[in-house]
Amino acid sequence: MRPLAVTTERPGRFSARTLASRRPLLTPALAIALAVSPSWADNPPAPPTTQPTTQPAKVQRDDAAAEKLGWRLAVQAYSFNRYSFFEAVDKAASVGLKYIEAYPGQRLKPGSDLKLDHNMSDETMAEMKKKLADTGLTLVNYGVVNLGRTEADHRKVFEFARKIGIETLVTESYSTTEMDDKLCAEFGVNIALHNHPGRKPDTVLTAAKDRSKRIGACADTGHWMRTDIKPIDGIRLLAGRIVSLHFKDLNKFGSGAHDVVWGTGAGNAKAVLGELARQGFRGVFSIEYEYNWTSSLPEIAECVKAFDRMAAEILAERAAATTQPEAARP
């Protein structure tokens, strides 16, 4: 899908093969349609307008360890791209999340033609902020968004970020300049450079060279896996330049891989989190679950539990290491 009224890099940037990881399993009839008409991959069926009839009751989390580490767990609303942003907010709250990352182009609420993007009116932004406040969620990031070519283009997105309270703009506009540094400082907003499949971690280092620490990586660990890069290697390479993460664990490396509950896949999730703790990373981890699109909420809930559990284990292991006699430490 190409951008319409809004420039955005999120939907439709992949080949048909890559898109297989971003949509539910095809029925035989749809598989035939895809084979006959390759353009189907760029024009997926319209999302349903109703949400599943059953949702888990809102859960209480024990995220004390994550908070001590300076980690905030969010969900990328793209995980719920078959639904509206308001529905995504409700789903996030139901699994105990406090933060959410928005993306441009999502339908704002059920039964409405309004789209969430940086062109929204002040009235629509106020409605969006009220929904977040009523639900107890904080909007932290926005993207993947094309910042445009001119300073006026960039400034428009930064103005939106300030009005709505966003702290980080996630983009693949890698041609950073002194203008970006100036806008980041003026608005108090970060730029996080995201990686879709094929983009290697060192491209962030090149783009962020000579830029302020407000410009760095939005490390998408799942897309690294699809590019046959071990997440822990990418995290080590980007030490000190990570602004935020689209954190994932996949069932395997390479093409055709799909999201699984954190800690059950091939991405060595706990070791990656341990390395981030070692680096002293403090920031946002966004769950971006791109599998089982209309029934992923239970799996996302398990990712939340796994994150809290692994954070607690990492914190306990660090505490134990500091209390060991020096001779006994590894």
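Computed from the coordinates by the stated procedures, all read-outs in this text should not be read as laboratory data. For clarity, every value in this text was computed on a predicted model and none was experimentally measured. Here the Cβ is made from the backbone with ideal geometry for all residues, glycine too, and neighbour counts use every protein chain on show.
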Would you please give the FRET efficiency between ASP202 and THR177, computed as 1/(1 + (r/R0)^6) with r the Cβ-Cβ distance and R0 = 25 Å, to the nearest 0.05?
-> 0.80
Phi-based couplings in Hz for region 139-150 (Karplus 6.51, -1.76, 1.60; Gly and Pro marked x) | 7, 10, 10, 9, x, 7, 10, 7, 6, x, 9, 9
What order, most packed first, do the peptides 91-104, 160-173, 251-264 have when packing is the mean number of other Cβ atoms within 10 Å of each residue?
-> 91-104, 160-173, 251-264
Under 22 Å Cα-Cα from LYS129, which lysines qualify once same-chain neighbours fewer than 8 residues away are excluded?
-> LYS58, LYS91, LYS98, LYS109, LYS115, LYS156, LYS163
Quick one: which residues, 5+ away or cross-chain, put their amide H under 5 Å from the amide H of ALA74? H built at 1.01 Å from N.
-> PHE285, SER286, ILE287
Residue by residue through region 275-286, which ³J(HN,Hα) values in whole Hz follow from phi under the Karplus form 6.51 cos²θ - 1.76 cosθ + 1.60 (θ = phi - 60°), with glycine and proline marked x?
-> 5, 5, 5, 4, 6, x, 4, 10, x, 9, 10, 9
Debye calc, one equal point scatterer per Cα of region 63-328, no solvent, log10 I(q)/I(0) at q = 0.11, 0.13, 0.15, 0.16 1/Å comes to -0.59, -0.84, -1.11, -1.26
How many lysine pairs are close in region 204-328, with Cα atoms under 20 Å apart and the two 8 or more places apart or on different chains?
-> 7
Can you list the residues, at least 5 places off or on another chain, whose amide H is less than 5 Å from the amide H of ILE242, using H built in the peptide plane?
-> ALA217
Note the direction-averaged projected area, equal to a quarter of the hull surface, for the Cα convex hull of region 252-330, in nm².
-> 6.6 nm²
What residues qualify as long-range amide H neighbours of GLY267, i.e. H under 5 Å apart, gap of 5 or more or another chain, H built at 1.01 Å from N?
-> LEU250
In sequence order, what are the phi-derived ³J(HN,Hα) couplings for region 160-176 according to the Karplus relation 6.51 cos²θ - 1.76 cosθ + 1.60 with θ = phi - 60°, rounded to whole Hz, with x for glycine and proline?
-> 4, 4, 5, 5, 8, x, 7, 9, 9, 9, 9, 8, 10, 7, 7, 7, 6
